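Peer 1: Dropping the structure in here first, questions after.
The values are calculated or read from the model by the stated rules, or taken from the named source; none is laboratory data. As the structure is a computational prediction, the values presented were derived from the model and not from experiment. As a convention, Cβ positions derive from the backbone with ideal geometry for all residues, glycine included, and neighbour counts pool all protein chains shown. Side chains included, ligands, DNA and RNA excluded: accessible areas come from the protein's heavy atoms. Shrake-Rupley method; radii C 1.70, N 1.55, O 1.52, S 1.80 Å.
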Amino acid sequence: ILLLMGVFMLILGVLLIPVNVGWLPFSPSAQLGLLLVIFAVQMLAAGSTPIGPFPRTCLIIVCGFLFAALGIVSCLVPEILLKPLTVLVGLLNILGGVITLARIGSAARRPLDASVGPRPRVLTQLFAAQVILNLLTIMFGVAMLIPGVVPGLVIGAILAANGCVLLYLLRVLCALD
């Protein structure tokens with residue numbers, strides 16, 4: 001899932017650059033639809049929601065199908081769900097980033113066991129990647145909620161950076177494994 005998300009975010013971010021320059025046509029509804037379908041795939045496959053992981057219960061599966069339906073409608077019928085989905089995606093990104101940063105912060109404040117020795121470098125890399133990823137997620141959510149404040153080129157760069165950090169996080173997790 002991390003590989004898929006990283007590649008999608010990187011491609012979406014890179015494609016937003018020529019879109020904002022005017023070289024490619026763009027549909028904001030389709031972008032939101034794609035993001036919701038990606039959220040739905042994560043929910044259905046692993047129980048991973050935008051606000052954190054949950055066990056794959058009936059409620060998570062129903063939410064996954066609901067997100068998929070909203071995403072598909074947004075892609076097929078432009079502009080019909082643009083405003084509510086913009087708010088939904090923005091809030092979910094901000095909330096997910098803040099919740100995960102709070103979890104990371106509480107884990108970082110726990111004292112280290114002195115008998116274990118120094119913290120391995122790969123754990124420091126994992127920590128840094130998670131913090132950067134969640135800060136980028138919050139930045140993207142804020143950009144969604146306050147349109148026009150953040151230029152489209154910056155949003156493209158945020159999404160591309162998000163994809164790169166996801167791919168780096170996958171590399172760190174493989175090294176940790």
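Peer 1: Being within 22 Å of Ser74 (Cα to Cα), of a type in the set (A, V, I, L, M) and in a helix (DSSP H, G or I) is the filter here; which residues of the stretch 18-34 pass it?
Peer 2: Val19, Ala30, Leu32, Leu34
Peer 1: Let me ask something additional. What number goes with the only condition from (1) farther than 21 Å from Tyr168 by Cβ; (2) at pLDDT 90 or above; (3) of a type in the set (S, T, N, Q) that Gln31 does not pass?
Peer 2: (2)
Peer 1: Do you know which residues across the stretch 74-104 are within 14 Å of Gln31 (Cβ to Cβ) and surrounded by 15 or more Cβ atoms within 10 Å (Cβ to Cβ)?
Peer 2: Ser74, Cys75, Leu81, Leu82, Leu85, Thr86, Leu88, Val89, Gly90, Asn93
Peer 1: Name the single residue, out of those in the stretch 143-176 being part of a helix (DSSP H, G or I) and of a type outside the set (A, V, I, L, M, F, W, C), that is most open to solvent (accessible area, probe 1.4 Å). If you could, list the steps in order and put the result at the bottom.
Peer 2: So in the stretch 143-176, the residues part of a helix (DSSP H, G or I) come out as 143-145, 152-176.
Checking which are of a type outside the set (A, V, I, L, M, F, W, C) leaves us with 152, 156, 162-163, 168, 171.
Working: Gly152: 24, Gly156: 0, Asn162: 14, Gly163: 0, Tyr168: 83, Arg171: 139 Å².
Among those that are part of a helix (DSSP H, G or I) and of a type outside the set (A, V, I, L, M, F, W, C), it is Arg171.
Per-residue answers, yes or no, for (1) in contact with an Asp or Glu (Cβ under 8 Å, 6 or more places away or on another chain); (2) open to solvent by 50 Å² or more (accessible area, probe 1.4 Å); (3) in contact (Cβ under 8 Å) with a residue 40 or more places away in the chain; (4) basic (Lys, Arg):
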| residue | (1), (2), (3), (4) |
| --- | --- |
| Ala30 | no, no, yes, no |
| Ile38 | no, no, no, no |
| Ala45 | no, yes, yes, no |
| Thr49 | no, no, yes, no |
| Thr57 | no, yes, no, no |
| Ile60 | no, no, no, no |
| Cys63 | no, no, no, no |
| Ile72 | no, yes, no, no |
